[in-house]
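**Student:** Below you'll find the structure I mean.
The values are calculated or read from the model by the stated rules, or taken from the named source; none is laboratory data. On a predicted model such as this, the values are computed, not experimentally measured, just so you know. In this analysis, Cβ positions are derived from the backbone assuming ideal geometry, glycine residues included, and neighbour counts consider all displayed protein chains. Remember, those area values only see protein heavy atoms, side chains included, never the ligands or the DNA or RNA. Shrake-Rupley method; radii C 1.70, N 1.55, O 1.52, S 1.80 Å.
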Amino acid sequence: MTQLTARIAAGVRDIPAADWDACAGTANPFVSHGFLAALEDSGSVGGRSGWQPVPVVVDGPDGRPAAVGPAYAKSHSQGEYVFDHSWADAWERAGGNYYPKLQLAAPFTPVPGPRLLLRDPAYAAPLVAAIESVVDRHDLSSAHATFVVPDQLQLFESAGWLIRQGTQYHWQNHGFGCFDDFLATLASRKRKAIRKEREAAVEGLTIRHLSGTEIGRREWDAFWTFYQDTGSRKWGQPYLTRPFFPLLGEALGDRVLLILAERDGVPIAAALNLIGADTLYGRYWGCTEDVPFLHFELCYYQAIDAAIARGLGTVEAGAQGEHKLARGYVPVPTWSAHYLPDAGFRRAVADFLVRERAAVAQEQAFLGTMTPFKRG
């Protein structure tokens, strides 16, 4: 470990794909070189987006990256899904500049994943120290690692980072051979409700599962229209640019799954998913025709079908949404880690997190009683 060198790269593109992916692994597509480079190449990050790529790299004795932090200098708190606006307001009222801050994340992606990309676990502590050094040397207010996988939490916590808990809803595959096997685990009333929803959603429609080269310009053009509609209603302006989607398809190939609904051969709605080692990740959805229950069908039920067909253990269908409970998605904890070098600010946030964690735990316990599964 005596020959390690830390540096800030100019972007993901500044690091060879093979070197990046040797650290990132293949399990989670959102930290892959292909996904993050597509964000840069499409202009979805960089420029005036408020997400400036500044990967923190620790080089090993062989001169190649031994560990990488997918870091971004942020000039706002949009597109993160772990909300720190109240922290920013408090710091600004105290006379400080909360922005820019350092964000370790897959941009616009509330998906748990590694935030310390390691060729070897021994490089974790030097990488965390390098990230802290970037904050300290550039007089930044803070660093935030959002949606951290549980097995990396201790790496941050042991370095003194504050840990924050949230909630998502994931579907879990208990060895089901088909959708009806899953339905059999639900209470009778819930089974009937889901069957009725599915029948109503697909009436008169054709549902197609497309991946890799099956997704052409026609499908991406349609999906871009859907995505813009959803984005304009949810957050005013879509985060991702039009070129991103075909670049994503080129980079990840068969790991991209587009579930498309057509009426008389015309696309009217779609859900975009990425496929990980054991997880189907539902990401974006949109439509041009309002069909009752079609959102649930494409984003939740068809995702379950796809996961069962591929033998995947989990479906993660995005952030928030208590309506997922009735569809068999259960509450699970999510985690983030936060480095606040100012001692007073850290104490205030730590006190807030103690209270918030108790409230989140109480909410999760309550939500656990609302699942549709058979009792006893």
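**Student:** Looking at (1) of a type outside the set (D, E, K, R); (2) in contact with a Cys (Cβ under 7 Å, 6 or more places away or on another chain); (3) assigned to a loop (DSSP other than H, G, I, E, B), can you tell me which one Tyr239 breaks?
**Tutor:** Tyr239 satisfies every listed condition except (2).
**Student:** Further question: Out of Gly318, Gly368, I need the residue that is surrounded by 14 or more Cβ atoms within 10 Å (Cβ to Cβ) and closer than 30 Å to Ala187 by Cα. Which one?
**Tutor:** Of Gly318, Gly368, the one residue that is surrounded by 14 or more Cβ atoms within 10 Å (Cβ to Cβ) and closer than 30 Å to Ala187 by Cα is Gly318.
**Student:** Could you check region 126-236 for helices (runs of 4 or more DSSP H) lying wholly inside it with 3 or more residues that are within 21 Å of Phe293 (Cβ to Cβ) and either open to solvent by 20 Å² or more (accessible area, probe 1.4 Å) or touching a residue at least 12 places away in the same chain (Cβ under 8 Å) (or both)?
**Tutor:** 179-183, 188-202, 217-234
**Student:** Go through region 6-32 and report how many residues are free of Cβ contacts under 8 Å to residues at least 40 places away in the same chain and either surrounded by 18 or more Cβ atoms within 10 Å (Cβ to Cβ) or acidic (Asp, Glu) (or both).
**Tutor:** Final tally of qualifying residues: 1.
**Student:** Would you mind finding the one in Ser142, Ser133 that is under 15 Å from Pro55 (Cβ atoms) and modelled with pLDDT of 95 or more?
**Tutor:** None of the others qualify; the one that does is Ser133.
**Student:** Please work out which one of (1) over 12 Å from Ala106 (Cβ atoms); (2) assigned to a helix (DSSP H, G or I); (3) of a type in the set (Phe, Trp, Tyr) is the condition Phe83 fails and give its number.
**Tutor:** (2)
**Student:** Suppose we keep only residues that are at positive phi and under 15 Å from the mean Cα position of the chain (by Cα) within region 74-104. Which one would you say is most open to solvent (accessible area, probe 1.4 Å)?
**Tutor:** Tyr81
**Student:** Next question. Restricting to region 308-347, name every residue that is within 20 Å of Met370 (Cβ to Cβ) and assigned to a helix (DSSP H, G or I).
**Tutor:** The answer is Glu322, His323, Lys324, Leu325, Ala326, Arg327.
**Student:** Return the residue satisfying two criteria in turn: it lies in region 291-306 and is of a type outside the set (Ser, Thr, Tyr) and open to solvent by less than 10 Å² (accessible area, probe 1.4 Å), and of such residues it is farthest from Ile194 (Cα to Cα).
**Tutor:** Ala306
**Student:** Still on this structure, please answer the following. Looking at Ala66, is it part of a loop (DSSP other than H, G, I, E, B), touching a residue at least 24 places away in the same chain (Cβ under 8 Å), farther than 28 Å from Trp224 by Cα and among the hydrophobic types (A, V, I, L, M, F, W, C)?
**Tutor:** no
**Student:** Further, regarding this structure: Out of Asp41, Asp62, report the one residue that is over 30 Å from Arg357 (Cβ atoms), surrounded by fewer than 16 Cβ atoms within 10 Å (Cβ to Cβ) and acidic (Asp, Glu).
**Tutor:** Asp62
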